[in-house]
Amino acid sequence: MACPVTVYRPTASNDARRIVFYLHGGGLVYGERDDLPSPYVRAITDAGSTLVCADYPLAPETALPDIVDALYETWRTEVAEPIERGDCIDYLLFGRSAGAYLALLLAHEIRLRGQDLPQPAGIMSFYGYYNLGEPWVSEPASAYLALPEVSLGEVERIVERGGAPTSGPKALRYALYVYARQHEGAWLALMGLDGATPKRSASSWSLSADDLAALPPLFIAASTGDEDVPYRVSKQLSRQATRAHMKSAYYLPHDFDRDVTNPAGMEAYRAAIAWMDALNAR
């Protein structure tokens, strides 16, 4: 099942030769495809790329394995088919936070499903992660323990609204993420990773050192002050991937690019676009 997308095309030309396929964050439990601030959208399209922003099914209504399957189908429709038709030359995967994690998983999934498929020219990971087996994923996080406790009953009331949503405003679903980060093992449980089968284990949805080494070139952005996903996770990713470039922000929160008045955000996007341009020269 392909999911809804929003497509932003370059204003200067209708002949964009590159697609940037964007996945939003939200801990896999909330978020919407149009969350990328407009200055960054314009920066990407002004650089000549078509930006495709995709929704995807959210947990806990949809388990992580099925989220990845749905994303793959959306990628087939919105990216692979235009490239196979000759409408575009190449593409990059781009995600923020949980979206960066999904971008890394999607690149891995595309490689596993066949080298005859169009492979990404690169991946842009903004404050993402790749290993669900690390302790920080399962352990309660101090930043969220400081918030009012969210009970399982509140989680159940949110989920009882029914259906399998492919988007969810933060105002309605953020409590799911707070619950996930306040309780031991709750985040993995909400992802549907209960360990009942190998496919439903955290290790099956984590990337090994060999997996990381096989990824295309990476651009990584993260802040040293990240209170959500530890900064060291991005540093580890930059060291284990064989072709990685990292741009650090300093002493800013997890989603440091959310505040468009802070120049650190646009600096990261300008660095990412310069990195994209350099890929063309290789």
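Take the residues in segment 36-57 that are crowded, with 19+ Cβ neighbours inside 10 Å and part of a loop (DSSP other than H, G, I, E, B); name whichever of them is farthest from the chain's Cα centre (by Cα).
The residue in question is Ala47.
Tell me which residues, restricted to segment 1-53, are of a type in the set (S, T, N, Q), under 16 Å from Cys88 (Cα atoms) and touching a helix residue (DSSP H, G or I) at 6+ places or on another chain (Cβ under 7 Å).
Of everything in segment 1-53, nothing turns out to be of a type in the set (S, T, N, Q), under 16 Å from Cys88 (Cα atoms) and touching a helix residue (DSSP H, G or I) at 6+ places or on another chain (Cβ under 7 Å).
Kindly provide the set of residues from segment 21-35 that are of a type in the set (Gly, Ala, Ser) and either surrounded by fewer than 22 Cβ atoms within 10 Å (Cβ to Cβ) or at pLDDT below 95 (or both), ordered by number.
none
Does Arg85 count as farther than 16 Å from Gly27 by Cα, modelled with pLDDT under 95 and out of contact with any Lys or Arg (no Cβ under 6 Å at 6 or more places or on another chain)?
Here the answer is yes, as Arg85 does meet what is asked.
Would segment 149-167 turn up any residue that is modelled with pLDDT of 95 or more, surrounded by fewer than 18 Cβ atoms within 10 Å (Cβ to Cβ), aliphatic (A, V, I, L, M) and not in a helix (DSSP H, G or I)?
No; the residues of segment 149-167 include none that is modelled with pLDDT of 95 or more, surrounded by fewer than 18 Cβ atoms within 10 Å (Cβ to Cβ), aliphatic (A, V, I, L, M) and not in a helix (DSSP H, G or I).
Among the numbered criteria (1) under 17 Å from the mean Cα position of the chain (by Cα); (2) free of Cβ contacts under 8 Å to residues at least 12 places away in the same chain, which single criterion is violated by Leu215?
Here Leu215 meets the rest and fails (2).
What are the pairs, 6+ residues apart or on separate chains, where a residue within segment 178-203 that is acidic (Asp, Glu) has its Cβ under 8 Å from a residue that is surrounded by fewer than 21 Cβ atoms within 10 Å (Cβ to Cβ) and part of a loop (DSSP other than H, G, I, E, B)?
Listed by first residue and then by second, the contacts come to Glu184/Glu139; Glu184/Pro140.
Specify which of the listed residues (Thr166, Thr197) is closer than 19 Å to Leu23 by Cα and β-branched (Val, Ile, Thr).
Testing whether each residue is closer than 19 Å to Leu23 by Cα and β-branched (Val, Ile, Thr) leaves just Thr166.
The values are calculated or read from the model by the stated rules, or taken from the named source; none is laboratory data. Please read all numbers here as calculations on a predicted model, not as lab measurements. For neighbour counting, all protein chains shown are included, and Cβ atoms are generated from backbone atoms with ideal geometry for every residue, glycine included.
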